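The values are calculated or read from the model by the stated rules, or taken from the named source; none is laboratory data. Everything quoted here is computed from the prediction, not taken from an experiment. All Cβ positions, even for glycine, are placed from backbone atoms using ideal geometry, and neighbour counts span all protein chains on display.
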Amino acid sequence: MNEALRKTEQVFVESMDDDFHTPKAIASLFEMIRQVNGHMEKGTDPASLAQVARRIRDLAGILGLLQNRRDIHSMGVVETKAVSWEQYQEARQRLESSPEGIPSSGVEEIKTVLLWRAEARKRGEWSTSDEIREWLRRAGVAVEDTREGFYWKYKST
């Protein structure tokens, strides 16, 4: 993005090399986030911002931060809504046609697919439900059912 972000990342690396100087490393992460926020206000290209955000998560992961609940989405029973077959098919087709697999920008499509899966479960169509779960798993999305609904997240690569 810019030289200031590269220098701040270098501070993080040097902090880790300095006997794992955690407070300084965390401070550099906050500084990177502050800089990214400034770029957002300036209207910087979203793809560039996403790349920097992934890098911040990677660096934070060295400290065990921002990893456990990243990209976890909850959909409780009360949030479910009726989804038509056509909506399901359109959402799945958009996800399948993405060149990079299921993109992180496909949240609404994933929700639509999962709502169709929830409808199938209500109807007792377990093979349909299982097929959708397996398709999502192969595409990089993990689904966990609970009494309250379900959770989903992008699987780590």
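So which residues in the range 106-131 are closer than 30 Å to residue 53 by Cα and either out of contact with any helix residue (DSSP H, G or I) (no Cβ under 9 Å at 6 or more places or on another chain) or β-branched (Val, Ile, Thr) (or both), if there are any at all?
Matches in the range 106-131: 107, 110, 112, 113.
Among the numbered criteria (1) farther than 29 Å from residue 142 by Cα; (2) at pLDDT below 85, which one does residue 99 miss?
(1)
Being within 18 Å of the chain's Cα centre (by Cα), part of a helix (DSSP H, G or I) and at pLDDT 80 or above is true for just one of 65, 136. Which residue is that?
Just one listed residue meets the conditions, 136.
Across the range 14-32, which residue is farthest from residue 43 (Cα to Cα) among those that are under 25 Å from the mean Cα position of the chain (by Cα), without any contact (Cβ under 8 Å) to a residue 24 or more places away in the chain and surrounded by fewer than 16 Cβ atoms within 10 Å (Cβ to Cβ)?
27
Here are some conditions: (1) modelled with pLDDT of 80 or more; (2) within 18 Å of the chain's Cα centre (by Cα); (3) loosely packed, with under 13 Cβ neighbours inside 10 Å; (4) of a type in the set (A, V, I, L, M, F, W, C). Residue 52 meets all but one. Which one does it not meet?
Result: residue 52 passes all but (3).
Got a sec? Which of 84, 104 is hydroxyl-bearing (Ser, Thr, Tyr), more than 22 Å from residue 47 (Cβ to Cβ) and either modelled with pLDDT of 90 or more or not assigned by TED's automatic domain parsing to the domain that holds residue 53 (or both)?
84
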